[in-house]
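Enquirer: Below are the structure tokens for one structure; questions will follow.
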Amino acid sequence: MWVVDTCIIIDVVENDPRFGRASALIIEQFAMQGLVVCPVTMVELAPAFSGSMVAQKQFLTETNIDYTEAWHTVDTELAHDAWHAFVAARRAGQSPRRPIADIMIGSFAMNRSGLITRNPDDFRRWFPKIAIKEP
């Protein structure tokens, strides 16, 4: 299954004038291969659905995006290694601040088919072998 990054879903939910259509099309394009969100994305999406878990789950179900995929120990181990590398680079002045959510989403995607995102550079440095699809 392909992991759908939070920004792609927000683009569609908010009908973003710049990215909404392209994000909707890539969701449609990869739906047959299986789509999933990281548990972290479920948390990040709360404001887009005004805090309604019911509305959020309904949207994901209607767009054929699985939200029940479990986080596994191997996801934690990948996130651990990537976060360590990120913090070391940041302390050395070699990396801007990034939220830990990106590290966790990237780790989750590494153990699936890959990541659908419009922010590939946020992930490639920490996950150079990750498969990425962009709208």
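The values are calculated or read from the model by the stated rules, or taken from the named source; none is laboratory data. Predicted model only: the values in this text are computed from it and were never measured. Cβ: placed from backbone, ideal geometry, glycine included. Neighbour counts: every protein chain shown.
Enquirer: For the range 119-135, which positions are in contact with a Lys or Arg (Cβ under 7 Å, 6 or more places away or on another chain) and of a type in the set (D, E, K, R)?
Expert: Result: D122, E134.
Enquirer: Shifting gears a bit: Select from the range 8-35 the residues that are within 18 Å of A131 (Cα to Cα) and either aromatic (F, W, Y) or crowded, with 20+ Cβ neighbours inside 10 Å (or both) and list them in ascending order.
Expert: Of everything in the range 8-35, those that are within 18 Å of A131 (Cα to Cα) and either aromatic (F, W, Y) or crowded, with 20+ Cβ neighbours inside 10 Å (or both) turn out to be I8, S23, I26, I27, F30, L35.
Enquirer: OK, next. Which ranges mark the helices (runs of 4 or more DSSP H) fully within the range 1-88 that have 2 or more residues being within 14 Å of the chain's Cα centre (by Cα)?
Expert: Details: elements: 6-13, 20-30, 39-44, 53-62.
It comes to 6-13, 20-30, 39-44.
Enquirer: Can you say whether S95 is closer than 18 Å to N119 by Cβ, at pLDDT below 95 and of a type in the set (S, T, N, Q), as far as the supplied structure shows?
Expert: The answer is yes for S95.
Enquirer: Would you point out which residue out of D5, D66 is modelled with pLDDT of 95 or more, farther than 27 Å from R125 by Cβ and acidic (D, E)?
Expert: Exactly one residue qualifies, and that residue is D66.
Enquirer: Also, quick follow-up: Only one residue in M42, M1 is more than 16 Å from N119 (Cβ to Cβ), of a type outside the set (G, A, S) and touching a Gly at 6+ places or on another chain (Cβ under 6 Å). Which one?
Expert: M1
Rundown of residues vs (1) surrounded by 12 or more Cβ atoms within 10 Å (Cβ to Cβ); (2) within 24 Å of G20 (Cα to Cα), yes/no style:
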{"residue": "A82", "(1), (2)": "yes, no"}
{"residue": "F86", "(1), (2)": "yes, no"}
{"residue": "R112", "(1), (2)": "yes, no"}
{"residue": "D121", "(1), (2)": "no, yes"}
{"residue": "F127", "(1), (2)": "yes, no"}
{"residue": "E134", "(1), (2)": "yes, yes"}
